[in-house]
1. GNM, the chain, Cα, under 10 Å: largest mean-square fluctuation among LEU274, LEU175, LEU103?
2. Using the alpha-carbon centroid of each, what span in Å lies between region 142-210 and region 256-328?
3. With the chain treated as a Gaussian network of Cα nodes joined by springs under 10 Å, which of ALA81, ALA264, ALA54 yields the largest mean-square fluctuation?
4. Compare the peptides 246-254, 162-170 by average per-residue count of other Cβ atoms within 10 angstrom and give them in order, highest first.
5. Which whole-number value in Å³ per residue fits the convex hull of the alpha carbons of region 190-276?
6. For a quick check, take a GNM of the chain with Cα springs below 10 Å and name the residue from LEU120, LEU90, LEU112 with the largest mean-square fluctuation.
7. Which whole number in µm²/s is D for region 23-160 by Stokes-Einstein, with the Kirkwood Rh taken over Cα pairs at 4 °C and 1.567 mPa s?
8. Ignoring ligands and nucleic acids, what accessible area does PHE308 show with a 1.4 Å probe (Å², nearest 10)?
Amino acid sequence: MRQLLKMTLLAAAALTALGAHALDYPAKDKNVTLVVPFSAGGPTDRVARDLAEALRKPLGANVIVDNSAGAGSSIGAAKVARATPDGYTLLLNHIGMSTMPALYRKLSFNVLNDFEYLGLVNDVPMTLVARPSMPAQNYKELSAWIAQNKGKINLGNAGLGSASHLCGLLVQSALQTDMTTVPYKGTAPAMTDLIGGQIDLMCDQTTNTTGQIESKKIKAYAVTTTKRLSTPALKDLPTMAESGVKNFEVTIWHGLYAPKGTPAEVLKKINDALKVALKDPEFIKKQEGLGAIVVSDKRVEPAEHKKFVQAEIDKWGALIKTSGQYAD
Ligand code: ASP
């Protein structure tokens, strides 16, 4: 009897040490906020909203998307780095996570030390697209048009360090033309201006361009993958290599993060839910319909995710330092 009492007391003490809230997570009356560091209706937002839906059941909580856009994803990321580490505020971010440390020298957080890594989510190719009135019918004609219009071309992007910024830099270097870049808080508003003809070109994720290409609201010239895509609306698009541009490969990845210090039990629950969500046939179907490939196996492991981001930081950091282009 004494032994049993002692064990019960020890168990109670252990519970207090863990924080009862960690074991209750997620509480029935609480929503989980998923911060998206780009505009609503754009490519990252689309991934986040599909993921929020897929996470709802396995996590046992409503997941609400919060768009905190601007400064190449650093505003939204800072918000999560500062949030209470209780599992109720998460971040979905893309490659910007690895370009920020080099580009923004006055970042208020450290990408590797101020976040818990929860796993990668997907890989997303990009497409080179133009306003609907663009006269060029294919990449060859587009490069001729670009050569004739040097100094007059506007290229939209989602801010320094964004995927569209990086891809746009590669396009300008491939075509040996400097364009006027027009930064937005995300490529959702940039897409509105592209459709309206206020900007000429953009290099954007398929999660934003597929629907617009399908409905012929914009013109598309190439995909940035080494192989053609199988998504029906994109399968006829040539790769950049087929179009004559060698060594042009850009794939954007997304990952899930929590503020540093989130209890291990909570992190495990979120990671377990993420693993289930990434196997959800509905989520996979929606993502594939937008040209994205959902990740699996060890890429959903937190340690692997962190290792991958570290390698990406090294890769992009070296390129950014060489280019000497900083945001601040
Ligand atoms: N497409 C944006 C980018 O270039 C991200 C977004 O707007 O969601 O990074």
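The values are calculated or read from the model by the stated rules, or taken from the named source; none is laboratory data. Since the structure is predicted, the reported quantities are computational estimates derived from the model, not experimental observations. Note: ideal-geometry Cβ built from the backbone for every residue, glycine included; neighbour counts use all protein chains shown. These area figures cover heavy atoms from the full protein model, side chains too; ligands, DNA and RNA do not enter into them. Shrake-Rupley method; radii C 1.70, N 1.55, O 1.52, S 1.80 Å.
1. Per the Cα network of the chain with a 10 Å cutoff, LEU175 tops the list.
2. Measuring centre to centre over Cα atoms gives 25 Å.
3. Result: ALA264 has the largest fluctuation of those listed.
4. Details: 246-254: 17.8, 162-170: 24.4.
Averaged packing, sorted descending, gives the order 162-170, 246-254.
5. Values: hull volume 14.0 nm³, N = 87.
Dividing the Cα hull volume of region 190-276 by its residues yields 161 Å³.
6. LEU112
7. Details: Rh = 17.4 Å.
It comes out at roughly 74 µm²/s.
8. We get 60 Å² for PHE308.
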